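Some notes on the structure that comes next.
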Amino acid sequence: MLAAWGAAFWPALAAAHGSRLGDIVVDHPYATPTPAGARTGAAYLRGLLNRGRQPDRLIGASTPLADTVEFHRSSRDGDVMRMRAVDAIDVPAGAELRLRHDGDTHLMLVGLKEALRDGQRFALRLRFERAGEIEVTVWVQTPRAGGTHRH
């Protein structure tokens with residue numbers, strides 16, 4: 001029975017990855033592949049959880065693969081979707097945020113130094129106002145839902 005459970009559970013473990021920094025849990029950082037020559041890309045977090053009693057804020061990010069990392073939020077302005085840079089991403093106490101490819105908030109990788117290829121992994125350093133800094137591993141993957149971010 002244990003062997004059957006392990007065989008069923010192992011693929012889920014292999015597909016999931018994340019990191020913890022104090023009360024902050026970063027679940028499954030990922031990016032979508034980019035075409036050759038693309039100068040921008042996007043990174044996402046399946047979940048960003050604050051298990052603490054105090055709010056925190058994601059205030060910075062960096063990666064060796066891009067000149068800068070910006071936080072972007074999309075919003076509807078009439079019939080048009082607009083994407084704007086924001087200074088920080090609030091992470092309320094006890095909340096879980098989803099920064100996914102089909103959502104409204106993501107990390108924009110500006111000045112890519114190389115295309116992002118399916119299966120590639122790269123380091124991303126996240127800086128939180130309270131919790132401090134953590135380096136996570138981003139997996140480049142084509143989203144299962146078949147969608148890409150609405151740029």
(message) Given the whole protein assembly as supplied and a 1.4 Å probe, what does the accessible area of TYR30 come to in Å², nearest 10?
(response) 10 Å²
(request) Can you pull the one-decimal nm distance between simple spin-label points at GLU135 and VAL86, each 7 Å off the Cα toward Cβ? (result) 2.8 nm
(message) Using a probe radius of 1.4 Å on heavy atoms only, what accessible surface per residue do you get for the range 37-129? Whole Å² is fine.
(response) 52 Å²
(request) Roll a 1.4 angstrom probe over the protein heavy atoms and tell me the percent of accessible area of the range 67-118 that is carbon or sulfur. (result) 42 percent
(request) Give the ranking of SER62, SER74, SER19 by solvent-accessible surface, highest area first, calculated with a 1.4 Å probe. (result) SER62, SER19, SER74
(request) Apply the Karplus parameterisation 6.51 cos²θ - 1.76 cosθ + 1.60, with θ equal to phi minus 60°, to every residue of the range 97-110 and state each ³J(HN,Hα) to the nearest whole Hz, in sequence, with x for glycine and proline. (result) 9, 10, 9, 10, 5, 9, x, 9, 10, 7, 9, 8, 8, 9
(request) List, in order, the whole-Hz ³J(HN,Hα) value for each residue of the range 127-138 obtained from phi through the Karplus relation with A = 6.51, B = -1.76, C = 1.60 and θ = phi - 60°; use x for Gly and Pro. (result) 10, 9, 4, 9, 6, x, 10, 9, 9, 10, 9, 9
(request) Tell me which residues come under 5 Å, amide H to amide H, from ALA131 once H is placed; ignore anything under 5 positions away on its chain. (result) ARG57
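The values are calculated or read from the model by the stated rules, or taken from the named source; none is laboratory data. Just so you know, these numbers come straight off a predicted model, no measurement behind them. Cβ: placed from backbone, ideal geometry, glycine included. Neighbour counts: every protein chain shown. Please note that ligands, DNA and RNA were not included when accessible areas were found on the heavy atoms of the full protein model with its side chains. Shrake-Rupley method; radii C 1.70, N 1.55, O 1.52, S 1.80 Å.
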